[in-house]
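Quick notes on the structure that follows.
The values are calculated or read from the model by the stated rules, or taken from the named source; none is laboratory data. This one's a predicted model, so the numbers in the text were calculated from it and none came from an experiment. All Cβ positions, glycine included, derive from the backbone under ideal geometry; neighbour counts span all protein chains shown. Calculation scope for accessible area: heavy atoms of the full protein, side chains included, ligands and nucleic acids excluded. Shrake-Rupley method; radii C 1.70, N 1.55, O 1.52, S 1.80 Å.
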Amino acid sequence: KDELYYIVVTSTEYSDESFVLRVDDADGFQQASIAHDECADAHNIQLDHLDGDGPHSYSDAISLSTMAATHDDQNSMCHTLHDQTIGGVWISIQGNGTIVEIRVDAEDIFGFAPISKEVDTKQAKFVVYEGACEHLRCVHSNTQVSNDAGDLSSFVTFLAERGTDYFVLIYNRMFETKISTISYDYQSQPWHCGSDAAEMIAFIGVGDSVMSAFGPTNTNAMSTDPCSNMSMPIGSWFSFVGTGDRIRASSASKGTNFDARIKIFEAGDDQVGSPDGCLQLKCLPRTVYHTDDSFQTSTVSVGHGVADWTTKDGQLYHIFVHGAERDDVAGNAMKDGNDASQNNPFGVFELSISKLSPQDECIGAGEITRDEVENLVTADLVGPNADIDTDWKAFPAVWYKVTGTGNLMFVSTCDPNDGFSHVLLHTHISVLTGSCSQLEVIDANDNYCDHRSQVAWDTVQDEEYFVLVRYTGTLATELLASIKYEQVVEVLSDCTETLGPMATIDREWRTATVPAVAESSVIVPTCNSDGVESGGLWFKTIGTGLTMSASTHGYGTRFNSSVAIFRGSDCKDLQCVDDTVPSWNPAFIRYDGSMELESFDLVGRDVVWHGSLTWQSELGEAYFVYVYKTSTAMAAEEEDGEVNGETEVSPMFQINETVSIRASPTSPNGLCQNAKFATDGDRFVGSTKTALKESVAICNPPNLAVDVFDFARAPGLWYHVDLSNDENGIPAPADIQVRVCDLVFREVLATVFHGDDCNDLTCIDTWVATNGGCASIPLTRDGVSSSHYWIMVYGWPRFAEFELTVMAVDGS
């Protein structure tokens with residue numbers, strides 16, 4: 001009493017993480033938390049059986065707390081990984097012959113939701129017993145974690161036999177537990193496939209999902225597995241009639257409480273006159289067996305069984321679901337496989353049947369059209385492909401095909417327009433030649449761009465090639481990558497076109513290669529004191545009448561580069577375009593050769609700087625775009641975060657060297673030098689979808705909003721406020737408030753600088769508007785060295801749709 005205590009709050013992830021600290025007297029919690037602390041005082045939940053299909057909720061959620069619960073010695077008999085110093089609460093249930101799911105949503109004692117389902121101390125754990133409190137027998141010790149996004153609940157499922165008393169211990173670290181119970185009707189299936197079980201085996205069809213269970217007291221009439229010649233484990237049998245489609249049988253469900261495996265058999269000739277056809281089961285050598293770890297427990301990492309196979313129309317198949325572990329060769333006392341229980345009496349599972357995409361196999365390969373983007377097939381419609389032996393053979397794979405043109409072409413999942421996707425999805429591409437029955441790998445890649453893939457190869461005219469794309473496809477559909485193929489553009493190092501016609505570029509990214517190198521007789525004009533010399537690559541583009549930008553900031557540009565723009569009737573009459581604005585963006589080449597367009601770390605990475613040039617184009621006018629190499633000193637980072645634009649030309653391009661290039665309309669105020677003037681009463685509605693990323697360091701950014709150089713990861717728009725005079729020379733108010741509002745329920749950021757011009761910026765602060773809200777930014781003349789303010793508005797994680805309003809502060 002009266003002693004002074006110090007409380008230190010630390011963060012394990014982010015230094016600027018927000019938190020709430022509350023200190024209360026624990027006596028009230030302690031007295032209120034004693035209830036149901038022992039088995040004899042278990043809270044009883046009534047299960048009143050109802051007829052019907054599907055889940056039925058039998059109890060309202062109840063709230064219990066483990067705040068002051070004492071530890072329970074009974075846990076040791078289930079061989080759990082439970083820390084027995086942690087207390088739990090007890091509930092009791094009398095079985096009604098259904099599968100029971102007990103679900104817990106854990107909250108801390110003050111009502112704050114758990115941070116993450118991966119935090120072990122914030123998950124509820126379960127131990128299920130049967131019998132009486134004086135003599136409990138272990139049934140199940142398992143915690144299943146929901147796979148649904150944003151759902152932090154944990155649960156346990158088990159078969160509650162009619163009339164049997166069950167006691168469930170639920171424990172965690174000092175948290176409120178909201179307990180709800182769901183009961184599922186289930187379909188009892190035969191445990192052996194034989195002629196005496198013909199009328200018992202249930203048929204299951206595409207789109208069906210069945211809850212079932214089996215236990216160690218059952219036998220299997222089949223002593224030998226036709227596929228492995230090993231003894232058959234205990235399990236449940238189902239029948240399926242082929243449809244001619246690619247089919248998946250899966251136990252990957254939160255209704256499955258053990259490490260399940262699935263086998264598929266084709267019924268033999270004995271099916272004539274014998275409805276189940278179990279006497280002559282045939283193995284399916286083309287069946288792909290794999291595991292799905294989408295539903296894991298918090299005690300042991302496991303994977304549920306998945307089997308994919310191509311069915312014959314009208315053919316009878318038998319599906320066998322069994323556990324991954326058993327105690328002996330005879331299959332007695334089968335273990336759960338999901339935990340360390342010595343005798344889990346019933347394995348509960350949910351079996352579902354679905355139709356896969358034809359592109360799951362080589363024979364169903366989809367055609368890729370040049371320059372067209374094909375979205376990858378979602379992960380639940382394709383399976384792994386074990387025939388092409390790589391380290392990626394356990395991942396979902398989808399097949400494509402292209403026809404050779406006699407030129408160099410490439411297939412790619414890279415997308416320079418999506419600089420954030422590399423943290424979400426990895427891909428692997430294999431390019432193959434031959435027939436589906438006899439394929440030969442030409443080349444493969446998994447690390448060309450932000451851990452995505454690109455393969456280029458010389459093609460033979462009219463020859464068919466197969467493309468196999470594997471990916472870590474456990475994400476939402478909208479986050480999956482796309483694939484495209486494109487013939488590589490051959491570009492000229494000689495503007496006179498003596499090597500062939502000059503390549504035309506537009507808003508689509510192009511990967512260009514140099515087929516030959518020739519000394520150019522053209523004298524390249526020097527514009528804006530850039531020191532441009534010969535030795536670069538030439539392209540053409542057509543003006544749109546809008547502000548345009550020619551950029552090399554793509555995955556094919558693996559050197560320091562700059563861009564120049566010229567107009568003229570031909571290469572002999574090149575003229576500089578006035579008022580061009582150069583800029584550079586960093587790219588990072590990893591030790592494994594993969595390029596990242598942004599990074600949070602320089603370790604194991606080389607930095608190259610990609611050049612861009614912005615200009616006001618004339619509608620229909622032809623422009624010459626000149627891309628040239630610069631020395632590593634071209635874009636050295638200054639201490640103030642600005643980019644040094646002085647250039648020094650490197651030697652000419654080499655044969656087969658590549659460059660990424662495009663010329664597209666862009667927002668006029670996408671660069672600081674083109675900032676829109678804003679004064680009292682102005683209102684702007686903006687979108688950064690066509691803006692540029694400018695390499696200027698921002699201050700006080702939110703987490704992940706900047707790269708390793710503190711440059712904004714997303715493109716932005718610039719606004720200029722002058723507190724000395726407005727654009728007409730009229731004195732401006734002494735104090736201005738700029739309000740930035742998010743229009744699309746994302747996150748809009750506004751970084752404010754002051755300085756006399758864009759080459760002399762000092763960052764002040766960053767404001768954030770989220771979820772349709774606004775941020776108010778005060779600007780004043782008092783105490784600052786310059787009356788000029790520069791505001792860059794950008795989005796996170798990608799684009800921003802916003803409204804910017806400028807208003808005087810008059811004290812009212």
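The requirement of being of a type outside the set (D, E, K, R), buried (at least 16 other Cβ atoms within 10 Å of the Cβ) and at pLDDT below 55 is satisfied by ILE109.
Here is the figure for segment 556-569: residues that are under 32 Å from the mean Cα position of the chain (by Cα) and open to solvent by less than 10 Å² (accessible area, probe 1.4 Å) total 3. Per this entry, SER551 is not counted among residues that are open to solvent by 50 Å² or more (accessible area, probe 1.4 Å) and among the polar types (S, T, N, Q). Taken together, GLU694, GLU637 contain a single residue that is modelled with pLDDT under 90 and in contact with a Leu (Cβ under 8 Å, 6 or more places away or on another chain), which is GLU694. The set of residues in segment 441-468 being touching a residue at least 24 places away in the same chain (Cβ under 8 Å) and of a type in the set (D, E, K, R) consists of ASP446, ASP450, ARG452, ASP458, ASP462, GLU463, GLU464.
GLU642 - would you say it is open to solvent by 50 Å² or more (accessible area, probe 1.4 Å) and modelled with pLDDT under 90? No; evaluated as a whole, the condition is false for this residue.
Within segment 303-320, the presence of at least one residue that is under 32 Å from the mean Cα position of the chain (by Cα), among the polar types (S, T, N, Q), at pLDDT 75 or above and open to solvent by 30 Å² or more (accessible area, probe 1.4 Å) is confirmed.
Annotation note: of THR751, THR690, the sole residue that is assigned to a loop (DSSP other than H, G, I, E, B), within 22 Å of SER583 (Cβ to Cβ), β-branched (Val, Ile, Thr) and within 36 Å of the chain's Cα centre (by Cα) is THR690. The strands (runs of 3 or more DSSP E) found entirely in segment 346-447 that carry 2 or more residues being buried (at least 21 other Cβ atoms within 10 Å of the Cβ) are 347-355, 397-403, 408-412, 427-435.
For SER239, the test of being at pLDDT below 75, hydroxyl-bearing (Ser, Thr, Tyr) and either in a loop (DSSP other than H, G, I, E, B) or within 22 Å of GLN315 (Cβ to Cβ) (or both) is failed. All of (1) modelled with pLDDT of 70 or more; (2) open to solvent by less than 60 Å² (accessible area, probe 1.4 Å) hold for SER298 with one exception: (1).
Every residue in segment 124-158 that is assigned to a loop (DSSP other than H, G, I, E, B), open to solvent by 10 Å² or more (accessible area, probe 1.4 Å) and at pLDDT below 75, please. Hits for segment 124-158 are ASN147, ASP148, ALA149, GLY150, ASP151, LEU152. Of all residues in segment 593-629, those being of a type outside the set (A, V, I, L, M), outside any strand (DSSP E or B) and touching a Gly at 6+ places or on another chain (Cβ under 7 Å) number 5. If you filter segment 778-812 down to residues that are among the aliphatic types (A, V, I, L, M), part of a strand (DSSP E or B) and over 17 Å from GLY686 (Cα atoms), you find that the one that is modelled with the lowest pLDDT is ALA808. On the basis of being open to solvent by less than 50 Å² (accessible area, probe 1.4 Å) and assigned to a loop (DSSP other than H, G, I, E, B), does VAL708 make the cut? Yes, satisfied.
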